[in-house]
Structure formats: C-alpha cells, structure tokens
C-alpha cells in the first residue's frame, strides 16, 4: 500500500508489536515517543494516519490532538487514539478534541489493522477534498 | 409535641410497667385519680414536688419522667430519620418514620432505639468510606499510574502474543525478539500487580473505620476530651504512637492544629487564663484584651482548657469561608452536624457575614428541651504570606451553657437556632433551605 503511519507512543514493546503488524501489511511506520515535540513531528512527516497514545511524557494525547485540529493541514488528518482509560468521559473528551477513532487498550491486532486501513482512506493528502475550506474564514 | 409535654405519657408507661393501679398511685401522692388521669394524658403540666413524689413512687429519677429518653439517643433517632432516604415513589405510599413519636419509641424501646442509632451510624460510616474509596479510585495518582502501567503491559503482551500466534511467516530473529519481549512484559506485569495488591491492602487496613482525615482528627481530639496536656509544657503530643492517628493525611491535619494550639498555650499560659476567668468569667474578649491576642485565638484557648467544675464546659465550632465546618467540639445538646451544612442562624455564620465584627448572642436550640447557650463568634482573615495570596477567612464560635453562667437574660434577647434544617422543628424559619423531617409540613393548596 505504501502509505505512512506515525506512531506516537512511548512504550517500547507496544511500539515494536505495532510496527511489526503494520510493516508486515505494507505500511511505512515511523515512531515518536515525546509528547512535547509530537505536533512538530506530525507537521514534518505529514503521515497518512496518526496512532496517538494518550499518556505520553510532557504532553497528553488530548492536548496534541487539539493543537493538530487547529492547524489547517492537520484538521482532518486521521487520528487513531489509543488509551488505557476507556471511560465514557475519556471517549467524550477525545471526540470533543476531534479524534477519528478511539480504541482502548488492550486491543486486538486485527481490529487495529482494520481501523488503520479504513482511516487511511480519509487522509487529506490522499484526498485533498477532505482538507477544510479555510476561504470562508 | 415538646418533650416536656410527654411527661404524662411516661408516668403512665412507668405505672403500667410496675403494675400499679392509677387510683393507688394517685392516693400515694395525695391527688385524685381523675387528676392523675388528666396528667397521664398530658392535659395537665406537672413539676416540682408532685413530679418528685410520683418519681419516688415509681422508682425513677424525676428527670426520667420530665425529660424522657437521653438527648444523644433522641438526636441520633432524628438524624436516622432525616437520612433514611425514604420518599414516596411513583405515587406508591412508603412508611415513613413517625418522627413525632420518636421519644415515645425511645422511651418504650430504648434497646431497639439504640440499635437504630448504632446502625445508622454504621451506615453513615460505610457510605463515607465508599465515597472516600471512589474518590481515591478517581484521583489517587499512584493507583492511576499503576493501573496504566498494568494495562500498557497487558496491551504489549496481547499484541505480541497475537503476532506469535500467527507466526508462520515470522523469521526466527523476530520470533526470538518477541519471545524476549513477552518474558520481560510478563515480569513487569507480575511486579506491577504485586505492587498494586500491596498498596490496596495497605489502604484497606488504614481506612477501615474513619473515612475522612477530619473525622479521624476529631475522634483523636475527642478521645483526649479536646485538651492536650503536653501543650501546656510546650511539648508536642505523639500523633502516631499508640492511640494516635493512622493516616498521613490526618496526622498532617492534626499537626497544623496542634502547632497553632501550642503557640496559643505558650502565649496564654493556663494559670494566667484561669486567673482571668476567675476575675471576668469565661469571656474571650477579656482574655484577648488581657493577653494581647486575637479574639479567635482566645476562643480556641478557652475551648482547649481541661474540664473543670469551676467553669462551664465550652464547645467550639470553626468554619472556612465556604461555611464548611473544619472543627467541631460538641457540647451536650449542642452538637454541630457531622455531615452537611449546619443552621445558618448560628452566630458563627452571622459573624462570617461581617468579618472582624464580634458577635455575642444567647441562643436556644429550638427543637431540644429549652437549653440556652451563650455564644461568641468572630470571622477573621488568615494572614497571607504574600501580596498575591488569595484572601482566606475563618470564623470561630465559642459556646457554653447559659445555666452555668451568672447571667440574666430577657426572653427578647434569645435567638432560636437549630442544628441543621433536616432535624430542626422551626417550620417557619426564614433561613430554612429544606423541609424538616422532624415535623410534618402541611401540604400547600
């Protein structure tokens, strides 16, 4: 498929497992472990799909998502959020921040792979029409 | 019905219990059976010699006839009724506690009444504990981090195991790597789970009865009759030894209280305070002026003195700017509520409305036997340590039974108060914020 995923996660063995699963499916997987510089990494790498952990060092996944959604280039970029906190309020907070899909840990590999494949179809770089129209201010 | 009005009912119950005929009892105290019949049906008030004679004939103390059940038992029953949570649902009738007959119940079945109060106290303690544990689950950083660690490890194990389960196309190097990861994660999971269990075990042991640190401190002070003799010698009491405070939060709270009390004991030595009381009575303004301290400090110092027959017992209530009680030293008949808000008519809250203005009031607990108290109160700002610190205010109220003071009071100077709205009988009170459970409120319309 040749599409790129940016995995923002700080847990080494989870990174290794996800990297293996996606790479085997043909994805190019890049990783980033620090919350503070995650937005800059997205801006630089412009991945087709972002897999974003909530509990990251220095900045939470919710904050990162909110900042991305305020940037026109990333306002519709697909974000799969992973969290160990599966409560209703966490899901609502993620939806309010503009998440594309919310998945609680632990997840099944098959489910995660299917969601990434589906989200990639919504990538703004793949379908420029998905980009928000900013001409109306 | 006022408690004193039930004296006749108690006389009848006692007489019946002893198996004495009405005519025989009447004759023994020199009154007609018809008159005793009127008394027993609460149609004639009695007191003085006749009450003493009847009590003697019935083999009880006069107070047992005139006051009936013990005040704490009555207060406990009223609180049990107010917190029963029974409400008519979907139009279906519910048997509500007959609060107006609480005294009759306590008088006739004291054992059952004590059981109701004990069970209510137990339920309240358990509810508080559940609340505290819920709060801990939601906000305890250690618990949150531990659970996150366990779930992250389980996630890694599940994903890795899922990969190995379909290992057909994985080369041997990757297989070895994932096996090593699984081993490491299983070890992490075992360690994390063990730490979590140990932590929860400690929490369970340390919080098996008292739920909040404030309650723990109050129970600790109450066990010492709210007087700490060590402070008089400038020493610190042992907060954590035998009979001490079990939780770090309670010890921290107690330390703040004790440090302030010790500084006040140093500024106002007991012998000098006793001398001022013997000259002016237990008047906090006299003490404050003589010792050059704030009124609130004088009030706290008076309430910290050991019990003595030479002065009245003194209760103390302290609240913060939100009105939440942060210290409660109760007196018989004047017990600040353990949970929820107190009566807004207390001088404590009147003082909170006008910071730095001292308030002195004679108050009467309306729903109790006519017990009056002299209350002093003042609200004072806490000294901020910086110009940018938020303004914090604390109100303090000292109260003592009026009948133990050499003081004459006209009826017009007495202010009716309650404990809290739910157990207060002042139906028409303008400060009422919720219906009373003690008296039935007539339906409107």
Inset, instruction - Keeping to the stretch A:22-34, report how many residues are surrounded by fewer than 20 Cβ atoms within 10 Å (Cβ to Cβ) and either within 19 Å of residue A:83 (Cα to Cα) or within 11 Å of chain B (Cβ to nearest Cβ) (or both). - result: 5
Inset, instruction - Grab the helices (runs of 4 or more DSSP H) fully contained in the stretch B:1-87, keeping just those with 3 or more residues being closer than 30 Å to residue B:125 by Cβ and modelled with pLDDT under 80. - result: B:71-82
Inset, instruction - Test residue A:82 against the stated conditions and say whether it is under 12 Å from residue A:38 (Cβ atoms), surrounded by 15 or more Cβ atoms within 10 Å (Cβ to Cβ) and either away from chain B (no Cβ under 14 Å) or touching a strand residue (DSSP E or B) at 6+ places or on another chain (Cβ under 8 Å) (or both). - result: no
Inset, instruction - Check the stretch A:47-68 and report whether any residue there is part of a helix (DSSP H, G or I), out of contact with any helix residue (DSSP H, G or I) (no Cβ under 9 Å at 6 or more places or on another chain) and either at pLDDT 95 or above or away from chain B (no Cβ under 14 Å) (or both). - result: no
Legend entry - Qualifying position, being at pLDDT 75 or above and either under 24 Å from residue A:56 (Cβ atoms) or assigned to a helix (DSSP H, G or I) (or both), among B:150, B:203: B:150
Legend entry - Yes/no for residue B:115 being at pLDDT 80 or above and in the same structural domain as residue B:42 (by TED's automatic domain parsing): no
Legend entry - Extreme residue, modelled with the lowest pLDDT, among residues of the stretch B:241-265 that are over 22 Å from the mean Cα position of the chain (by Cα) and surrounded by fewer than 12 Cβ atoms within 10 Å (Cβ to Cβ): B:242
Legend entry - Single residue of B:131, B:169 found to be modelled with pLDDT under 80, under 30 Å from residue B:98 (Cα atoms) and surrounded by fewer than 16 Cβ atoms within 10 Å (Cβ to Cβ): B:131
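The values are calculated or read from the model by the stated rules, or taken from the named source; none is laboratory data. Just so we're clear, the structure is a prediction, and the values are computed from it rather than from any experiment. Note that each Cβ is placed from the backbone with ideal geometry, even for glycine, and that neighbours are counted across all protein chains shown.
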